[in-house]
1. I need every pair where a residue in region 323-351 that is more than 15 Å from PHE279 (Cβ to Cβ) has its Cβ under 7 Å from the Cβ of a residue that is acidic (Asp, Glu) and surrounded by 18 or more Cβ atoms within 10 Å (Cβ to Cβ), sequence separation at least 6 or different chains.
2. Could you look through region 321-338, keep only residues that are crowded, with 18+ Cβ neighbours inside 10 Å and in a strand (DSSP E or B), and pick out the one that is farthest from the chain's Cα centre (by Cα)?
3. For region 363-386, enumerate the residues that are in contact with a Pro (Cβ under 9 Å, 6 or more places away or on another chain) and surrounded by fewer than 17 Cβ atoms within 10 Å (Cβ to Cβ).
4. Could you please let me know if GLY412 is modelled with pLDDT under 95 and either assigned to a strand (DSSP E or B) or more than 22 Å from HIS376 (Cα to Cα) (or both)?
5. If we scan region 374-386, do we find a residue that is among the β-branched types (Val, Ile, Thr), at pLDDT 90 or above, assigned by TED's automatic domain parsing to the domain that holds LEU447 and touching a Ser or Thr at 6+ places or on another chain (Cβ under 6 Å)?
6. Kindly indicate which of PHE264, PHE275, PHE279 is surrounded by fewer than 15 Cβ atoms within 10 Å (Cβ to Cβ) and not assigned by TED's automatic domain parsing to the domain that holds PHE341.
7. Among the candidates GLY412, GLY435, GLY502, GLY486, which residue alone is surrounded by 15 or more Cβ atoms within 10 Å (Cβ to Cβ) and farther than 30 Å from GLU339 by Cα?
8. Could you identify the single residue in ALA491, ALA457 that is touching a residue at least 40 places away in the same chain (Cβ under 8 Å) and either among the hydrophobic types (A, V, I, L, M, F, W, C) or assigned by TED's automatic domain parsing to the domain that holds LYS400 (or both)?
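The values are calculated or read from the model by the stated rules, or taken from the named source; none is laboratory data. Only a predicted model underlies this, so the values are computations on that prediction, with no experimental measurement involved. With ideal geometry, Cβ positions are generated from the backbone for all residues, glycine too; neighbour counts draw on all protein chains shown.
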Amino acid sequence: MINNGGLGPPAFGAGGPPSLPPPGVGTGGAAGCYGPDTFAGEYISEGTFPVKSDLDVWGVSGELTWDVNEWLSIKSITGYREMEMESSRDGDNTPANIFATRDMYDHEQISQELQFSGQLMDERLQWLVGLYYFQEEGSNINPVILPVGSLQSGGFYDNDSYAAFFQSTYSVNDQLDLTFGIRYTEDTKRYMPDQIALGDASQGPGSIFGPTWTNFTGIYLSSTGPMLPGERILPFQEFKKKFDDVNVLANIAYNWTDELMTYFTYSEGFKTGGFDQRFAAPPIDPVTGALTNAPSTFDPETVKSFEIGVKSQWLDNRVRLNLALFHTDYSDLQLIIRETFNPITFNGGTANINGGEIELTWVPTDRWLITAAVGHIDAEYGTLSDSVLNNATPILPGNKLINTPKWSSAVGAAYTFDVSDWATLTPRLDWSFHGKQFNDGVNTAQLFQDSYHLLNAGIALQTNDGRWEGVLAFRNITDEKYIITGNSAFATAASYVSQVYGRPFEWSISLKYNFF
């Protein structure tokens, strides 16, 4: 990336700027240039575009239960929430004016669930029938400012979801329980893109860039050709997609004794589809190569999961030991791949996850609490679609799924003291280990996180009546540096990587009062 002293791109002629290093290639520390060899530090951004994050959220929910008779109970769960957000960032995090975005988000949603439940056959059959409705609407407008010009991406959405579900558990005898559940879901997604060319790089909302190039002042240079300010990248009209699916659950549980139970569970899941919402130019049909007036879409993702496990309690219930082994198959996996600065969602193919975990809780005395857990996951992509394999930044078979360390573990211990006769004091210490992992499906080396350890501690003071509780907490005591997420277009023409690191050492104080 070429630095022009924070004053915007140089006034190149009609031919544009001189050639830059190929995607993903460093600048070698050349004067006036930025690349991977000019990394300023884990918690440092040298960006010049204003950074802002302002989020307001409020909501209300209510739950009403009516016990009609001995075999029927009705429950209503209602929720409403509103959100408003404004944020901005310097995408390249350098003094050069290369890439900046703003985000204005306005959202409201309502949900309603009705549950009818009861017991039959001398309480051997427990059943539940439910209906669910969810509706959300709002807008998400994203101005994007680049050397080639500014554009407005995003748009308006109006989505709703209906579902009906049933679940029952039948106790064959005192030891054997059989559970079956089924759910039908229907989702409707509506999207109205409000995507406009804004002109040269000096014309974006809040822009600090100068004009793009002398011969293109007032023009947005899209990949499909110059566009005048106000020219729409997509038509301002509503697009609509519907998705539906049926999912089932089955479980068999056997209580060998009062302390030992084994189980097997099969379950299915459904993650709805939708629309992509940012386009740098009118989309091109991947089959015909012609311009299309519709935003790209993606289909639902589905999953089938198998789990077998043991739940047990020992030594007068002072030791709880649980073990689970699982296998998960994903189909039509939704994968987000960045094409320059556009996050595009593909139905990429399949993925398989195999793993297991052990959890231990030990209460040696009424004062001590000790916990421990170990988990192992082997997660890889399987058969991948051509749209993913042939992408400029392909995901390859054998790549690791994001945020899935092969090994993880945790240990915690707490001890409770009496403070006179009115309160208790409980110090607690927690240690966790996280194995190495990738933070994107492409397995970008710059987003790879090696294994790391975290150490947290806290002291809680609670009154004996349970009304007051205060906590002094310490997190990441050893000041570990680790990546928690990020995004990468390192192998594209944009050639950037954004890393987000976990918080360094911090402490906090909280106070809580329970009215009831």
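1. Going by the 7 Å Cβ cut-off, the qualifying pairs are TYR330/GLU301; ASP332/GLU301; LEU333/GLU301; GLN334/GLU301; ASN347/ASP332.
2. Selected residue: THR328.
3. Across region 363-386, the qualifying residues are ILE370, GLU380, GLY382, THR383.
4. Spelling it out, it is not the case that GLY412 is modelled with pLDDT under 95 and either assigned to a strand (DSSP E or B) or more than 22 Å from HIS376 (Cα to Cα) (or both).
5. Checking region 374-386: at least one residue is among the β-branched types (Val, Ile, Thr), at pLDDT 90 or above, assigned by TED's automatic domain parsing to the domain that holds LEU447 and touching a Ser or Thr at 6+ places or on another chain (Cβ under 6 Å).
6. PHE264
7. Matching residue, one of GLY412, GLY435, GLY502, GLY486: GLY412.
8. ALA491
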